[in-house]
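**Student:** My structure is below; once you've seen it, I'll send some questions.
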Protein chains: 2
Amino acid sequence: MSDPLRSAAADLHGLLTNDPVVATSGVGLFADALRDQAVAVTETDWQPPMDGTEDDLAAVLADRRRVAANALAAQRMTASTAALVDVVQARDALGLEAGTFLHAGPPLEWERASGPMQGALIGAVLFEGLADTAGEAERQLASGAYEFEPCHHRDAVGPMAGVVSPSMWLYELRDEVHGNTSWSSLNEGLGKVLRYGAYNDEVIDRLHWMTRILGPLLQQAVRSIGPVDITAIIAQMLQMGDEGHNRNRAGSLMLLRELLPGLIQADGSSSDIADAVRFSGANEHFFLNLGMPACKLATLAAHGIPGSSIVTTMARNGTDFGIRVSGTGDQWFIGPAQTPQGLFLGDYGPEDANPDIGDSAITETAGIGGFAMAAAPAIVKFVGGDVPFALEATQLMYEITETEHPMFQVPILEFRGTPTGIDVTKVVRTGILPQINTGMAGAVAGTGQVGAGLVTPPAECFPAALAALRRAISWPIS
Amino acid sequence: MSDPLRSAAADLHGLLTNDPVVATSGVGLFADALRDQAVAVTETDWQPPMDGTEDDLAAVLADRRRVAANALAAQRMTASTAALVDVVQARDALGLEAGTFLHAGPPLEWERASGPMQGALIGAVLFEGLADTAGEAERQLASGAYEFEPCHHRDAVGPMAGVVSPSMWLYELRDEVHGNTSWSSLNEGLGKVLRYGAYNDEVIDRLHWMTRILGPLLQQAVRSIGPVDITAIIAQMLQMGDEGHNRNRAGSLMLLRELLPGLIQADGSSSDIADAVRFSGANEHFFLNLGMPACKLATLAAHGIPGSSIVTTMARNGTDFGIRVSGTGDQWFIGPAQTPQGLFLGDYGPEDANPDIGDSAITETAGIGGFAMAAAPAIVKFVGGDVPFALEATQLMYEITETEHPMFQVPILEFRGTPTGIDVTKVVRTGILPQINTGMAGAVAGTGQVGAGLVTPPAECFPAALAALRRAISWPIS
């Protein structure tokens, strides 16, 4: 054995004679100052927790239920299944009453609603035949004639404005493992569509065709072929360059292939069937409205576990961004919706974009979408950023999530599972916000889609949720 | 200005006082020996040219036509288009006479044919009704009763055994830019199929159903919807995790989507149509038989340019691997087909595999397939290797190719075009062989598919082609 004292002395001598090597973390100023003095610096990614959260963080991290509760939430989220079992009108599926409209995101009043949300509600009133003109619809809506309610409050999800009215057809998805059901509307395609706040005749006519022809044909198809495994399609699409939020090309084709035998042999005219197949085949986002309720089922399974700091909802109504957390139940934690940065269609530019809107951030909440961008590098041509950014976005999300999804794998990361189950404590501790990619609606009612881009939640949702998690701890824990 | 003499002296002084930094290339022994002496070594990838090729290489590289000829070949290869314009029986499309059978790869006699090739020929004789039993078919074939000819000699391509008989239906593809046409048979699906050398009743019954029902329905569909842009599907599938040789999932779904409106409204029973849609939708390699003739059109456009050292055919008949080169016309350069290494189905193992077989290496010849594996990392679960290998395989192929395909892009390589146009001089100079991925047929006639794997051409094809390129130079070039 060597002499420890001599060895320590040699170390100390080295401290004086060798060049210093300094590791820094937190404020970049330190590293810059050292570099200016020609000192080798190794920077780590550590950042201080979000301002003023130290006490809440210490209390919640010390909650003895937390580790097991989060492990259970992650286990339930990743073990959930999602099968398309039926296609049903909203009045039957959800008991949606005439004059009640569902919308995306946290609760909202007409006065605070953004342009695309107001536009979609106007369109839905026209589509239901409750008004003859947009002006009349708007007056009714402003007068308080109708009820509004978040989709999430009925276990449904809607992309963008997410407006659902009683006559619309919904996909019905079932998680047999946990006994949950969720719903989403049918996708209308791109451009001038209700969910982006457009409500001209083209939009309303398409909704009528979907109600009269497409919905009943899809119902027949699904009922004749039996449940369609949506979870399996998500797993496959991640091997095929989709991330399940803004790239759904492979998913849409696989869904179409599943539905085809049922559609072809449905009771209907061959031209109606050909129209339905053509409409569905032409829509690269056809699958989004199945992926979203599948993700809703995953997060629903993880919801309501006392002590769990896992996020189970992220949703935006175009004005507010809201999150809900497993351990705090149905309480929303709200902040102002941010405006995405990205790529614009045609002549539109940043000044035309509405703040973030839609329930589609349920995809990121369940570990796909922005969290799986490494699986879909081609998405950068649609939402902006570059290929290294897409890879880094997924890798960064491992910092704030509880687990890696066993079925949703990213080939280029050597089949690593997607980062799944956002942990409020990790977001607050690291300051890393969930990466969402999203469509962008025009800010003016009636415009439609103007682009697609990248966005994060407002940071304040997470300290608010953390404080509520702390309040929900009843000391001493038995 | 500094004093150059003083500067040179300082450099020389540095040579004596600084640690040596040595760059090595070629034989790894040098680098190892230096490393053993604690000398920092930078190894480069340089390898000496293939043995005994120095004179031919010098002569061909000095051919003044070469640079322009290869640029023209690359330009024509990447500017070619491929549209599916018709579905026609082989006797009509190719004037294929009764008793003549096309096969994959370079020319071959019955006696030298491998198990899967003999099995496929036996099956084709049975399918055409020329014999009642496999034994009878085999005796006829061995007696010289029939004519054999490579698919390539009629501008057709066939996967695996590639056997085409007069009653089989072929896809007809057209390159309008260069005025070329190519053909390929319809894909039978996986497992026990003729192209893998199986010929039991299940195989022959399926071929009869394809001839009686599928072919005519596909013909109606293609004729009613008009040309289908196959090049555009290839460009898209590379963004969707396919490489176009052993992963055709997205391509097959996109092809199905294109054909659907025509299929649904075809004149036929709804159950036949549903069967045709189900059969096509269930087949993940449905698109391969369209991608291959599209690649044939690309290489055909680049063929026959005097002085060009670009490879325009790579094809295997299960016994021999043959290449043809633009500047040497229709001459084949042959070597023994290698046995692929990869993954096996069920209980099959390496001892069950036949040597490399099929015209499908036309995909690599045109810059996709093994050359585009970086676009399809999930393929390693099917052909073996790992994700870094898939990335490296594509990157290595840039060393031996003339250009990067402007339409076929690899998202993960930041949309770099696939390496396209194998240059014989680069293969010989670097010793890097084209990377092919492939299905593996059972060596025993009648077995069917046993796995999928990775393989290269036998090296000797390339020096032989180089020597012929040299002989084709007529000095002095005017």
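Computed from the coordinates by the stated procedures, all read-outs in this text should not be read as laboratory data. From a predicted model like this one, the values you see are computed outputs, not experimental measurements. Don't worry about glycine lacking a Cβ; one is built from the backbone with ideal geometry, like all the others, and counts go over all protein chains shown.
**Student:** Using +1 at the C-beta of Lys and Arg and -1 at the C-beta of Asp and Glu, which of B:Gln118, B:Ala83, B:Gly431 has the Cα lying farthest in the positive direction of the dipole of chain B?
**Tutor:** Checking the options against the dipole of chain B, the answer is B:Ala83.
**Student:** To the nearest Å, what is the center-to-center distance of the stretch A:341-386 and the stretch B:309-326, using C-alpha atoms only?
**Tutor:** 45 Å
**Student:** A further question follows. Provide the percentage of antiparallel DSSP beta bridges, counting only those with both residues in chain B; round to the nearest 5.
**Tutor:** Details: 43 of 53 bridges.
So the antiparallel bridges amount to about 80 percent of the total.
**Student:** Report the far tail of the P(r) of the stretch B:32-146, meaning the percent of Cα-Cα pairs longer than 19 Å.
**Tutor:** 72 percent
**Student:** So, one more: Between the stretch B:138-176 and the stretch A:41-119, what is the separation of their alpha carbon centroids in Å?
**Tutor:** 60 Å
**Student:** Could you give the size of the charge dipole of the stretch B:80-293 about its Cα centre, using +1 on the Cβ of each K and R and -1 on the Cβ of each D and E, expressed in debye and rounded to the nearest 20?
**Tutor:** 400 debye
**Student:** Within 10 Å of each Cβ in B:241-248, how many Cβ atoms from other chains are there, averaged over the peptide?
**Tutor:** Neighbouring Cβ atoms belonging to other protein chains average 2 per residue here.
**Student:** Helix A:249-264 versus the longest principal axis of chain A: what angle, 0 to 90°, nearest 10, using Cα atoms?
**Tutor:** In chain A, helix A:249-264 runs at an angle near 30 degrees to the longest axis.
**Student:** On to the next question. Tilt of helix A:66-79 relative to the longest C-alpha principal axis of chain A, in degrees (0 to 90, nearest 10)?
**Tutor:** 40 degrees
**Student:** May I ask for the angle, rounded to the nearest 10°, between helix A:115-127 and the longest principal axis of chain A, with both axes built from Cα atoms and the value confined to 0 to 90°?
**Tutor:** Relative to chain A, helix A:115-127 is tipped by roughly 30 degrees.
**Student:** I've got another one for you. Take every DSSP beta bridge whose two residues both sit in the stretch B:137-269, then give the antiparallel share in percent to the nearest 5.
**Tutor:** In the stretch B:137-269, DSSP labels about 75 percent of beta bridges as antiparallel.
**Student:** Could you list which residues have their amide H under 5 Å from that of B:Gly342, counting only those 5 or more apart in sequence or on another chain, with H placed in the peptide plane?
**Tutor:** B:Leu454
**Student:** Turning to a different aspect of this structure: Output ³J(HN,Hα) for the stretch B:343-360: one whole-Hz value per residue in order, computed from phi by the Karplus curve 6.51 cos²θ - 1.76 cosθ + 1.60 with θ = phi - 60°, and x for Gly and Pro.
**Tutor:** 10, 10, 7, x, 8, 5, x, x, 6, 8, 7, 7, x, 2, 8, x, 7, 5
**Student:** Give the residue from B:Pro227, B:Leu290, B:Gly189 lying farthest towards the positive end of the charge dipole for chain B; charges sit on Cβ (+1 for Lys and Arg, -1 for Asp and Glu) and the dipole is referred to the Cα centre.
**Tutor:** Final value for the positive-end residue is B:Pro227.
**Student:** OK, next. Starting from the amide H of A:Ala198, placed 1.01 Å from N in the peptide plane, find each other amide H under 5 Å away whose residue is 5 or more places distant or on another chain.
**Tutor:** Result for A:Ala198 returns A:Val193, A:Gly446, A:Gly448.
**Student:** So who's got an amide H within less than 5 Å of the one on B:Arg416, skipping anything under 5 residues away but keeping other chains? H placed 1.01 Å off N, in plane.
**Tutor:** B:Val410
**Student:** Still on this structure: Peptides B:52-58, A:155-161: what's the order by average Cβ count within 10 Å, highest mean first?
**Tutor:** Descending packing order for the listed peptides: A:155-161, B:52-58.
**Student:** How high is the relative contact order of the stretch B:251-321? Use alpha-carbon pairs under 8 Å, at least six apart in sequence, and give a whole percent.
**Tutor:** Across the stretch B:251-321, relative contact order equals 28 percent.
**Student:** Let me know the charge dipole size of the protein assembly as shown about its Cα centre in debye, to the nearest 20, where only the beta-carbon of Lys, Arg (+1) and Asp, Glu (-1) is charged.
**Tutor:** Value, rounded to 20: 360 debye.
**Student:** Related question: Could you work out the pair-distance distribution P(r) of chain A from its alpha-carbon pairs, with 10 angstrom bin width and percents rounded to whole numbers?
**Tutor:** For chain A, the binned pair fractions read 4, 20, 29, 24, 12, 6, 3, 2, 1, 0 percent.
**Student:** Go through the stretch B:465-470 residue by residue and turn each phi into a ³J(HN,Hα) via Karplus (6.51, -1.76, 1.60, θ = phi - 60°); whole Hz please, and just put x for glycine and proline.
**Tutor:** Running phi through 6.51 cos²θ - 1.76 cosθ + 1.60 with θ = phi - 60° gives 5, 4, 4, 5, 4, 5 Hz.
**Student:** About its Cα centre, how strong a charge dipole does chain A have in debye, to the nearest 20, once Lys and Arg get +1 and Asp and Glu get -1 at the Cβ?
**Tutor:** 820 debye
**Student:** Please report the relative contact order for chain B, taking Cα pairs under 8 Å with a sequence separation of at least 6, and give it as a percent rounded to a whole number.
**Tutor:** It rounds to 20 percent for chain B.
**Student:** By its C-alpha gyration tensor, with a ≥ b ≥ c as the square roots of the eigenvalues, how is the protein assembly as shown shaped: rounded for a/c under 1.5, else prolate for a/b larger than b/c, else oblate?
**Tutor:** oblate
**Student:** Related question: I'd like to compare A:325-331, A:105-111, A:277-283: which one has the highest average count of other Cβ atoms within 10 Å, and what's the full order after that?
**Tutor:** Put in order of decreasing packing, that is A:325-331, A:277-283, A:105-111.
**Student:** What is the spread of the Cα atoms of the stretch A:365-422 along each of their three principal axes, largest first, in whole Å?
**Tutor:** 29, 20, 15
**Student:** Moving on. Ignore the peptide's own chain and count Cβ atoms of other chains within 10 Å of each Cβ in A:271-277; give me the average, rounded.
**Tutor:** Partner Cβ neighbours, averaged per residue: 3.
**Student:** Calculate the mean, over all residues of peptide A:321-331, of how many other protein chain Cβ atoms lie within 10 angstrom of the residue's Cβ.
**Tutor:** Mean inter-chain Cβ contacts per residue within 10 Å come to 0.
**Student:** Taking θ = phi - 60°, what integer Hz values does the Karplus form 6.51 cos²θ - 1.76 cosθ + 1.60 yield along the stretch A:440-446, in sequence order, with x for Gly and Pro?
**Tutor:** In residue order, the calculated couplings are 10, 8, x, 5, 8, 3, x Hz.
**Student:** Would you work out which of B:Trp46, B:Ala374, A:Ser270 lies farthest towards the positive end of the dipole of the protein assembly as shown? Charges go on Cβ: Lys and Arg +1, Asp and Glu -1.
**Tutor:** Comparing the listed Cα positions along the dipole, A:Ser270 ranks first.
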